[in-house]
Every structure is written in C-alpha cells, then in structure tokens.
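Heads up: the structure comes next, in structure tokens.
The values are calculated or read from the model by the stated rules, or taken from the named source; none is laboratory data. Since this is a predicted model, take the numbers as computed values, not measurements. Please note: Cβ atoms are built from the backbone with ideal geometry, for glycine as well, and neighbour counts cover all protein chains shown. In case anyone asks, the SASA skips ligands and DNA or RNA and just uses the protein heavy atoms, side chains included. Shrake-Rupley method; radii C 1.70, N 1.55, O 1.52, S 1.80 Å.
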Amino acid sequence: MSAPTDGERLQKVLARAGLGSRRVCDDLIADGRVTVDGEVAVLGRRVDPEHDHIELDGVPVVTQTGLVYYLLNKPARVMTTASDPEGRPTVVELVPDEPRVFPVGRLDWDTEGLLILTNDGDLTQRLTHPSHGVEKEYLVEVEGVPSRGALRSLREGVELDDGLSAPAEIRLLQSRGDHAAIEMVIHEGRNRQVRRMCETVGHPVRRLVRTRIGLLADRDLAPGSWRVLRPDEVRGLYAAAGGSET
Ligand code: URA
C-alpha cells in the first residue's frame, strides 16, 4: 500500500502534539517508533491528524484538535456528575463550560482531591476499564488507630460485599490518640472502595483525599482549582492505562 500524499507531515503533527521539536520527531519516525493505523511510519509520511490512529512506542498520541484534559482538585461537598437533579454543586461547574467535558471515574460527595475531566472518550474508557488498574493514591484519615493486623488485612485484601479487595499498598503515616492517617495505593476503582475497606477493618473514614492518579500528582493545585494537563501527562495516562491493548 502506498503512503498517502495528502494530509499533514507526520513530524509536524507529532511536534504539535508535544513530542518535541520537528527534528526530534523526525528521529522518532526514523527509529521506527511511530505507527500510523498499525503500520510503522516512514519519513515523509503524511497523515490526517483528526482520523488516523498514531502511536509512539505502542502508546496513542493525541493529535485531534478540540480534545481537552483538566486536572481538578475536587473540594468536599461537590457531586462528581455532569448535572444533579437536586441542584447540588457539580465538578463540571468548576471547569470551563466549553467544550463540554466529563469526569473520569468518580469521587464521593465528601471525597477531595484529584479528578480528571475530559472530552476524550477513548482515554476515559481506558482509564475506567477495570482490567487496567491505574494506581490511585489516597490520603485517608480514619477513626481510631489501626493495629498491625488491620493494616495487614487492608494490604492483603478485605472481604467486601462485592468480593475480596485486591492487594493494596498501605502505610501508616501518623497516629494521634483517636485517629490516624494512612496512605493507601489501590489499583481498583470500585464504588466507595476505600471507605468500605476501612470500615470493614473497624476504622471508618473521617476524611479522604485522592493525591495521585498514575503519575499525576499536584500539591500546588488548591481545592476547587484546575489546570490543563500537559501533553506528556496525557501520554503518561495513556501509557498507564494500557497503551494500545484495547
Ligand atoms: N474510594 C472511596 O471510598 N471513595 C472515593 O471517593 C474514592 C475512592
């Protein structure tokens, strides 16, 4: 099959997508690291950035214009929905109206912390697919001080009404009389999972903050504020969500 002669030059499209200068992008193509619709691209290749599926090292490169990615620091007492019939505040009201974006996954009404909002349905699907298990880190303040046994249960798996929780990374950060702070890293995204796990081992959650999604963390983002993700952060999410496996 001969390569298309119309469209934009691939190296220009890659440079615009944030992969580096045109020169750097030329090298990526020359090294055989870039594919277009599953075919290794050659130098001089032209593409349609809106429709062709372009990957670098097996990870999709976002080349479509009009796709936006926000990282929001969700405050407590905000719904993670596009609209709420009861008129409660929602996360979409905290980011620009246009283009219309949707939250990736869900944080409970009372949960704070990092939430991605985007109009990229492909990334949303990848990140929320149960088999991908992108790491999510939480700062969890619980009632009481968990024993070593309780921490071990959280780490190894807790029997919940929808099955055993997968192994988690658990670190006791601080204990203060009647409460403690734990860092939890989980790969699953079941409904109210952290709250249910902690409750099952006898330590109800007082405060829950998501501090990381995959490689994405941002200590400088104030509650209620948002920023646009950088192209390398979007690529990192695609890579963490399983690249081109879906
Ligand atoms: N786990 C929970 O229990 N709640 C959240 O909002 C997120 C993770």
Being within 25 Å of Asp120 (Cα to Cα) and buried (at least 16 other Cβ atoms within 10 Å of the Cβ) narrows it down to one of Gly224, Gly214, so name that one. Gly214
Pull out all pairs, ordered by first then second residue, where Cβ-Cβ is under 6 Å, the residues are six or more apart or on different chains, the first lies in segment 211-233 and is within 20 Å of Val194 (Cβ to Cβ), and the second is open to solvent by less than 40 Å² (accessible area, probe 1.4 Å) and assigned to a loop (DSSP other than H, G, I, E, B). Gly214/Val134; Pro223/Pro75
Cβ-Cβ under 6 Å pairs, at least 6 apart or on other chains, segment 26-37 side farther than 15 Å from Asp48 by Cβ, far side open to solvent by 70 Å² or more (accessible area, probe 1.4 Å): Ile29/Leu43; Ala30/Leu43; Gly32/Val40; Arg33/Asp57
When you go through (1) open to solvent by 50 Å² or more (accessible area, probe 1.4 Å); (2) of a type in the set (D, E, K, R); (3) within 12 Å of the ligand (Cβ to nearest atom) one by one for Glu188, which number turns out not to apply? (1)
Could you go through segment 118-129 and let me know if any residue there is within 14 Å of the ligand (Cβ to nearest atom) and open to solvent by 50 Å² or more (accessible area, probe 1.4 Å). yes
If a residue must be within 12 Å of the ligand (Cβ to nearest atom) and open to solvent by less than 50 Å² (accessible area, probe 1.4 Å), how many such residues does segment 191-211 contain? 10
For Leu160, which of the numbered conditions (1) within 13 Å of the ligand (Cβ to nearest atom); (2) more than 16 Å from Pro204 (Cα to Cα); (3) not aromatic (Phe, Trp, Tyr) fails to hold? (2)
With the structure loaded, tell me whether Val234 is away from the ligand (no atom under 16 Å from the Cβ), surrounded by 14 or more Cβ atoms within 10 Å (Cβ to Cβ) and either of a type in the set (A, V, I, L, M, F, W, C) or not in a strand (DSSP E or B) (or both) or whether it fails that test. yes
Suppose we filter Arg152, Arg171, Arg148, Arg176 for residues that are away from the ligand (no atom under 16 Å from the Cβ), over 24 Å from Leu117 (Cα atoms), within 24 Å of the chain's Cα centre (by Cα) and open to solvent by 80 Å² or more (accessible area, probe 1.4 Å); which single one remains? Arg171
Within segment 64-104, of all residues that are among the small types (Gly, Ala, Ser) and modelled with pLDDT under 95, the one nearest to the ligand (Cβ to nearest atom) is Ala82
